[in-house]
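The values are calculated or read from the model by the stated rules, or taken from the named source; none is laboratory data. What you are looking at is a predicted structure, and each value in this text was computed from that prediction instead of being measured. Here Cβ is always computed from backbone atoms with ideal geometry, including for glycine, and neighbour counts include all displayed protein chains.
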Amino acid sequence: MTAYGCYLPVHAEEAPDVREVAAVARDAEQAGLRHVWAADHLTWNRQMLAPLPTLAHVAGGTERIGLGIGVYLLPLRHPALAAKDLATLDHLSGGRLELGVGVGGENPDEYRAAGIPPGRAGRRLDDALDVVTALWEGRPTPPTETFGELPESPIGPRPARPVPLWVGGRSEAAITRAARWGHGWLAMWVSPERVAQEAQHRLHGLRIGLNVFTRVERSRAAADQVLERQVASAYRMPYDKVRRYALAGTPTEVAERIAAYVAAGVTDVVFNFAGADEREQLRRICDDVLPEVGGSVA
């Protein structure tokens with residue numbers, strides 16, 4: 001059964017509204033979605049809330065819904081500190097953390113802002129995953145090229161169950177990393193054909209999540225207008241570069257596109273709503289779109 005989730009409105013041209021963040025999370029839980037997600041950037045083109053304190057806040061107002069970070073820029077952090085913070089969020093939420101990791105890439109300057117050379121992000125991510133997973137499993141941390149030999153540093157409380165680990169990205173390195181580490185691959189800006197190729201080969205048996213720009217409107221043209229503004233504001237890039245990957249248009253058009261991705265192998269669809277009316281977009285997805293896809297929200 002396909003699982004559905006959505007991104008929380010954690011970024012905006014002005015300061016994000018924390019009341020809206022909490023309201024979208026509650027609406028998503030009441031609608032039966034499987035998870036809500038927060039993005040992560042140190043510096044970006046829009047103002048953005050940090051994911052861990054945001055999801056800790058959301059955890060207090062929800063009971064069951066999964067809390068995802070998509071994707072957490074683990075290479076920006078020391079892995080022992082990250083392991084502690086993430087395990088604490090998982091404990092506070094009653095074991096609801098879904099951790100997506102990646103190297104980012106939209107803004108290399110945020111690595112420089114953190115005092116980290118951007119050219120080694122992939123190596124840092126692999127080494128940090130070695131350390132984080134060892135700490136969560138109660139094993140000695142292995143020596144790594146990036147972090148050397150760390151002293152024994154057991155953390156507690158550790159996650160009570162293996163935290164679902166998603167690897168984000170479109171590159172060959174990301175796919176290799178997902179196959180090695182992942183509970184699944186969290187894809188963005190990929191076609192159904194690319195999904196099918198990876199699902200049948202390197203990622204066979206893993207979950208495949210889709211982070212997808214979404215706008216449900218009276219027409220494709222009206223949806224594209226909103227998406228074009230959002231892509232320009234958040235990514236400083238032409239919408240035409242990613243238009244073919246969006247869920248945009250009437251409920252029937254969006255439902256048909258979702259069905260194509262599900263047929264290709266997507267197991268988790270994470271709606272990344274464009275526009276300032278996220279709660280209304282969530283309602284349209286749940287009431288007008290998903291019934292056309294078939295099956296129930298899960």
Matching residues in region 198-218 (outside any loop (DSSP other than H, G, I, E, B) and in contact with a strand residue (DSSP E or B) (Cβ under 8 Å, 6 or more places away or on another chain)) number 12
Can you pull out every residue in region 140-172 that is modelled with pLDDT of 95 or more and of a type in the set (Lys, Arg)?
Arg158
From the option list Val195, Val190, single residue qualifying as in contact with a Phe, Trp or Tyr (Cβ under 8 Å, 6 or more places away or on another chain), among the aliphatic types (A, V, I, L, M), under 18 Å from Ala264 (Cβ atoms) and in a loop (DSSP other than H, G, I, E, B) is Val190
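Between Glu149, Glu137, Glu145, which is closer than 29 Å to Asn211 by Cβ and without any contact (Cβ under 8 Å) to a residue 24 or more places away in the chain? Full working, then the answer.
Numbers: Glu149 fails: closer than 29 Å to Asn211 by Cβ; Glu145 fails: closer than 29 Å to Asn211 by Cβ.
Matching residue, one of Glu149, Glu137, Glu145: Glu137.
With Glu292, Glu253 as the choices, which residue is part of a helix (DSSP H, G or I), in contact with a strand residue (DSSP E or B) (Cβ under 9 Å, 6 or more places away or on another chain) and of a type outside the set (Lys, Arg)? Explain how you work it out, then say what you get.
On the way: Glu292 fails: in contact with a strand residue (DSSP E or B) (Cβ under 9 Å, 6 or more places away or on another chain).
Matching residue, one of Glu292, Glu253: Glu253.
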Among the residues listed as Leu282, Leu227, Leu206, the single one being surrounded by 16 or more Cβ atoms within 10 Å (Cβ to Cβ), at pLDDT 95 or above, within 18 Å of the chain's Cα centre (by Cα) and under 30 Å from Ala173 (Cα atoms):
Leu206
What is the one condition in (1) without any contact (Cβ under 8 Å) to a residue 40 or more places away in the chain; (2) touching a helix residue (DSSP H, G or I) at 6+ places or on another chain (Cβ under 8 Å); (3) surrounded by fewer than 16 Cβ atoms within 10 Å (Cβ to Cβ) that Ala59 does not satisfy?
(3)
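Identify, from the list Arg180, Arg244, the residue that is more than 17 Å from the chain's Cα centre (by Cα) and either at pLDDT below 95 or not in a helix (DSSP H, G or I) (or both).
Values: Arg244 fails: either at pLDDT below 95 or not in a helix (DSSP H, G or I) (or both).
Residue meeting the stated conditions: Arg180.
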Asp40, sole failed condition from (1) under 26 Å from Arg236 (Cβ atoms); (2) touching a Ser or Thr at 6+ places or on another chain (Cβ under 7 Å); (3) of a type in the set (Asp, Glu); (4) modelled with pLDDT of 95 or more
(2)
